[in-house]
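The values are calculated or read from the model by the stated rules, or taken from the named source; none is laboratory data. Note that this is a predicted model, so its numbers are computed, not measured. We place every Cβ from the backbone using ideal geometry, glycine too, and count neighbours over all the protein chains shown. Just the protein is used for accessible areas: all its heavy atoms, side chains included, with ligands, DNA and RNA removed. Shrake-Rupley method; radii C 1.70, N 1.55, O 1.52, S 1.80 Å.
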Amino acid sequence: MATVALVGVQWGDEGKGKVTDFLAARADLVVRYQGGNNAGHTVVVGEEEFRLHLLPSGILYPDKTCIIGNGVVIDPAVLFEEIEALTRRGFTLARLLVSERAHLILPYHRLLDAAEEERRGRGQIGTTRRGIGPAYTDKAARTGLRVIDLLSEDFPHLLAEAVDYKNQLLSKVYGKEGVKYEEVYREYQGYAERLRPYVTDTSLVLSQSLAEGRHVLFEGAQGTLLDLDHGTYPFVTSSYPTAGGVCIGAGVGPRAIDYVLGVAKAYTTRVGEGPFPTELPGELGREIRERGREFGTTTGRPRRCGWFDAVIVRHAARVNGLSHLCLTKLDVLTGVAPLKLCYGYRYRGEEIREFPASLSVLRSCQPLYEEIPGWTEDVSQVRRLEDLPYNARRYVEKIEELTGVPVALIGVGVRREQMIICHSLFS
Ligand code: GDP
């Protein structure tokens, strides 16, 4: 292993937290490259559960350098909450680095997020209302404030300008009350000094580390179908969870990425609105949700559950250039029989194999399935592929065949060690 980009290939929540944690053991640096505290990872270490929203999962190891890259948007209140929570549990954060180019989430972003969702009414995107979208909007509109701005003497003036504009937007467009400059200024001045020790040019640190041959893990949040360009627009996030996002969000060139690992759940889930062809709205969907504990880490929202969709994963394989798949939560499907795998869609009498750009087409797609008999044996203790029940192995092989991507890792439980390594990719 030299550098690995780990990306979600469905609608997020694929179990990337555990896989990142597993791979972080073999990395020297772990880097978050996009998203904000709308993402959430759950990592179980021993008897303890950790919920991380902004901090890279590598933070749970004492010897890893963890980077929050320039592509991430940072809510300092949330960052310090997480830092404090980990400090209380005995972790040191001396190896945390924050990009000076990362953009900040400010209180008016949260207000705008909520106001905009309200305005959409029935067409809501289902954002977490944490201000992530509006912070990225500001970044693209060139009206954002970056970490480096917070540390500069221009900050009072930059903030005053931003607050004035956002308050006008809030009151004149949305009829909402704005924020008070003095309050925001005082709060953020407090963060500035606490943030300063962590802030650096993280792209430079990465480039030096890569030159020294250090191992780097780029940790994606969300998933391919939430990508601003390659996802189910407009039900997407405002950043680039795909492998291409690594270059932009971490400040490295494409040749810095040796290997792209796509994380896919053994079934499919989706939070929020939008079409979902293989959704199981009935009892079976509910059963999978309960067994797989499919409730959002960040919001607690129940996730919609459905069959594995190979059309989605093939799309993800192409746009990410996947080297291998990590299949998580195979254990959740124990006892479900028969199992179905979607290999294509029927749309207006025609079979389609590629994931459509149009949501109205997607909404009218009927999934086409192959069936596999299930298995009833407990797989949570299995550590070798050959020890999986025959039908579980067939299920994995069928996924490889339908997606065209070999499976390297299989998750069979929530713990770090509950993983089957099919290909020893990491030296
Ligand atoms: P992420 O956003 O992709 O990291 O996904 P989450 O952390 O929100 O959701 C993954 C959930 O699945 C967490 O509660 C994990 O502990 C759990 N999980 C991850 N891998 C496995 C697995 O192989 N089996 C089971 N049963 N649970 C898993």
_Length-normalised contact order for segment 103-197 - Cα pairs under 8 Å, 6+ apart - percent_ = 29 percent
*Roughly how many nanometres apart are two label points built 7 Å out from the Cα toward the Cβ at Ala85 and Glu182?*
3.3 nm
*Along the positive direction of the dipole of the chain (beta-carbon charges: Lys, Arg +1; Asp, Glu -1; about the Cα centre), which of Val414, Cys305, Gly321 reaches farthest?*
Cys305
*the chain: most fluctuating residue of Asn391, Asn38, Asn70 per GNM, C-alpha cutoff 10 Å*: Asn391
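Per residue of the chain, what 222 nm ellipticity follows from adding -39500 (n - 2.57) for every DSSP H run with n ≥ 4, rounded to the nearest 500?
The helix contribution divided over the chain gives -9500 deg cm²/dmol.
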*Return the sequence-ordered ³J(HN,Hα) values of segment 37-53 in whole Hz as given by the Karplus equation 6.51 cos²θ - 1.76 cosθ + 1.60 applied to θ = phi - 60°, using x for Gly and Pro.*
7, 8, 7, x, 10, 10, 10, 10, 10, x, 9, 9, 10, 10, 10, 10, 10
*asked:* Taking all protein chains in place and a 1.4 Å probe, what share, in percent, of the accessible surface of the chain do carbon and sulfur account for?
replied: 49 percent
*With contacts defined as alpha carbon pairs under 8 Å and 6 or more residues apart, what's the relative contact order of the chain in percent?*
20 percent
*Of the residues Pro254, Pro367, Pro241, which exhibits the maximal mean-square fluctuation in a Gaussian network model of the chain defined by a 10 Å Cα contact cut-off?*
Pro254
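Cα-based Rg of segment 103-197 per 2.2 N^0.38 Å, rounded to two decimals? Before the final figure, lay out each step's value.
Numbers: Rg = 13.6 Å, N = 95, 2.2 N^0.38 = 12.4 Å.
Computed over Cα atoms of segment 103-197, the ratio equals 1.10.
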*First select every other residue whose beta carbon is under 10 angstrom from the beta carbon of Arg110; then total the charges, Lys and Arg +1, Asp and Glu -1.*
0
*Scattering curve values for the chain, log₁₀ I(q)/I(0), Debye with Cα scatterers, q = 0.06, 0.09 Å⁻¹*: -0.24, -0.55
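For the chain, what is the accessible area per residue in Å² when the probe is 1.4 Å? Write out the running numbers ahead of the final one.
Numbers: 17600 Å² over 427 residues.
Here the per-residue accessible area is 41 Å².
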_Quick check: net charge around Val236, other residues with Cβ under 9 Å of its Cβ, Lys/Arg +1 and Asp/Glu -1?_
-2
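Normalised by the empirical 2.2 N^0.38 Å for globular proteins, what value does the Cα Rg of segment 272-410 take? Show your work: numbers first, answer last.
Values: Rg = 15.4 Å, N = 139, 2.2 N^0.38 = 14.3 Å.
Cα Rg divided by the expected 2.2 N^0.38 Å: 1.07.
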*Among the listed pairs Lys139/Lys172; Lys16/Lys398; Lys18/Lys166, give every one whose C-alpha distance is greater than 31 Å.*
Lys18/Lys166
*Excluding ligands and nucleic acids, what accessible area in Å² is computed for Tyr191 using a 1.4 Å probe, to the nearest 10?*
30 Å²
_Loop trypsin sites (Lys or Arg not before Pro), segment 243-306 (other Cβ atoms within 10 Å of the site Cβ: 14 or fewer; DSSP)_ = Arg293
*Taking amide H positions as placed in the peptide plane 1.01 Å from N, state which residues far from Val199 in sequence (5 or more) or on other chains have amide H under 5 Å from it.*
Val98
*Which residue, Val236, Val332, Val396, tops the fluctuation ranking in a GNM of the chain built on C-alpha contacts under 10 Å?*
Val396
*Summed residue charge, Cβ within 15 Å of Trp11's Cβ, Lys/Arg positive, Asp/Glu negative*: +1
*asked:* For q values of 0.15 Å⁻¹, compute log₁₀ I(q)/I(0) with the Debye formula on a Cα-only model of segment 265-312, without solvent.
replied: -0.34
*asked:* With just the Cα atoms defining each centre, how far is segment 33-67 from segment 305-374? Give it in Å.
replied: 29 Å
